[in-house]
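The values are calculated or read from the model by the stated rules, or taken from the named source; none is laboratory data. All values reported here derive from a predicted model rather than from experimental measurement. We place every Cβ from the backbone using ideal geometry, glycine too, and count neighbours over all the protein chains shown.
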There are 2 protein chains.
Amino acid sequence: MRDVIIWTYDWVPKGPRGFVRDLRLRWACEEAGFPYSVRTVAFDGRETNHLEQQPFGQVPFLSDGGLQIFESGAGLMHLARRSEKLLPRDAEGEAATLQWMFAALNSIEMVSVPWWFLEITGAKDNALTGWMSNRLDQLEKVLGEREWLAADRFTAADLLMTDVLRVGKVRAFGDRPATEAYVTRVTDRPAFQKARADQMAHFAAADETRGTADS
Amino acid sequence: MRDVIIWTYDWVPKGPRGFVRDLRLRWACEEAGFPYSVRTVAFDGRETNHLEQQPFGQVPFLSDGGLQIFESGAGLMHLARRSEKLLPRDAEGEAATLQWMFAALNSIEMVSVPWWFLEITGAKDNALTGWMSNRLDQLEKVLGEREWLAADRFTAADLLMTDVLRVGKVRAFGDRPATEAYVTRVTDRPAFQKARADQMAHFAAADETRGTADS
């Protein structure tokens, strides 16, 4: 089987380590049992140095055979379609999984990332708090009634939703025990643990050549 | 061929008419030549009255045979996979289309909708302006070099990106002639014009039973 290539930065500061979105693709490959390798673009100058591969200067992007795919959601969907472990093959299970992948990106992350952006840029009275709180309450209700988002088992939808939710400040936002238990259950999976450890090791190794003053 | 059913609200105020996201699914059906009908849930009490069908209380959602799908992006992808007019069948064209659909939702709309939310809630010095401006500049560069986002022809990626961009305040954000020409080119399509006119008529018809005082 051909190797998948996951592209990420050569280095990042300590803050985002463990959260850079190449993790979504590493994790998917671990769950599916796909062999993969990791290649890098430079963190310095990232806003313009790889626009040919990613027009918004982001990571990750994916190479698979002749295909080159950016957007972590699109890369994850590509991998999911290659493995029943990530995406059920029956029409109903597949549709439910895809719908919850879009919900993770467009109903939760569309609020949580800008909310978090306002938090770290020091907004007083974060104007997105009510909206975010409402969405997380609605999700709490869903997760109080089922163990997995789709098809009564782990799918790529749980991978993506958990990656959106596990950001510390989002998880700590109010008391939502079903959501907390869900994130713990999903991140306890060996495939997540390995993907996260590998990402941490990847960036830590770069400290040695770069010098630690930057981190 | 079975009819697709697109679910939307029974009525909305005049402001959002022409922009309610059932339009994405109407437009896709018009492009693909799929027969479809429209059914409604009540606008009043929308936050809780259809959580069984849409756990975030949003529209649209889609019924297609035995499948029920929420999230406009997921519904659009479902329709696109049924029609080559929306989604190329070759692996490269398909991957490019899907990646740009995710970019529309997660790289542009993830910034533009919260930016717009802050604008209408009266934020001074909208904290998301720099981020949004940067993303739109990057997109302008792409659209300056090509007519369509993927596969050298109209696809579901153009449908979705255009629907994200055509919101008045987003379009008016700075001077980006390639983006402006792109939105004009795509919204000139007869399928968009019909879908938009049908949505306007749907909500206008509801004024008669509801009384116009609300609008």
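At-a-glance table
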read-out: Filtered residues of region A:124-143 (kept if under 20 Å from the mean Cα position of the chain (by Cα) and among the hydrophobic types (A, V, I, L, M, F, W, C)); value: A:Met132, A:Leu136, A:Leu139, A:Leu143
read-out: Breaking point among (1) basic (Lys, Arg); (2) closer than 26 Å to A:Met77 by Cβ; (3) not in a loop (DSSP other than H, G, I, E, B), for A:Arg146; value: (3)
read-out: Total residues in region A:24-49, condition assigned to a loop (DSSP other than H, G, I, E, B) and without any contact (Cβ under 8 Å) to a residue 40 or more places away in the chain; value: 9
read-out: Residue list for region B:14-41, filter: touching a strand residue (DSSP E or B) at 6+ places or on another chain (Cβ under 7 Å) and more than 30 Å from B:Pro88 (Cβ to Cβ); value: B:Arg39, B:Thr40, B:Val41
read-out: Answer residue from region A:183-212, given it is of a type in the set (Asp, Glu) and part of a helix (DSSP H, G or I) and is surrounded by the fewest Cβ atoms within 10 Å (Cβ to Cβ) among those; value: A:Glu208
read-out: Any hit, region B:135-147, residues being more than 17 Å from A:Phe56 (Cα to Cα) and not assigned by TED's automatic domain parsing to the domain that holds B:Arg26; value: yes
read-out: Number of positions in region A:49-58 that are more than 10 Å from chain B (Cβ to nearest Cβ) and surrounded by 13 or more Cβ atoms within 10 Å (Cβ to Cβ); value: 3
read-out: Residue within region B:152-163 that is farther than 30 Å from B:Ala91 by Cβ and in contact (Cβ under 8 Å) with a residue 24 or more places away in the chain present; value: no
read-out: The lone exception for A:Leu87 - which of (1) in a helix (DSSP H, G or I); (2) touching a Lys or Arg at 6+ places or on another chain (Cβ under 7 Å); (3) closer than 24 Å to B:Arg82 by Cα it fails; value: (1)
read-out: Unique match (being within 14 Å of chain A (Cβ to nearest Cβ), more than 23 Å from A:Glu140 (Cβ to Cβ) and of a type in the set (D, E, K, R)) among B:Arg39, B:Arg46, B:Arg24, B:Arg17; value: B:Arg24
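Yes or no, residue by residue, for (1) farther than 30 Å from B:Glu47 by Cβ; (2) buried (at least 18 other Cβ atoms within 10 Å of the Cβ); (3) not small (Gly, Ala, Ser):
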| site | (1), (2), (3) |
| --- | --- |
| A:Leu25 | yes, yes, yes |
| A:Ala32 | yes, yes, no |
| A:Arg39 | yes, no, yes |
| A:Asp44 | yes, no, yes |
| A:Glu47 | yes, no, yes |
| A:Leu67 | yes, no, yes |
| A:Glu94 | no, yes, yes |
| A:Thr97 | no, yes, yes |
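Let's see how each residue does on (1) in contact with a helix residue (DSSP H, G or I) (Cβ under 9 Å, 6 or more places away or on another chain); (2) modelled with pLDDT of 95 or more; (3) more than 7 Å from chain A (Cβ to nearest Cβ); (4) closer than 26 Å to B:His202 by Cα:
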position	(1), (2), (3), (4)
B:Gln68	yes, yes, yes, yes
B:Ala74	yes, yes, no, yes
B:Glu92	no, yes, no, no
B:Ser107	yes, yes, no, no
B:Met110	yes, yes, no, no
B:Ile120	yes, no, yes, yes
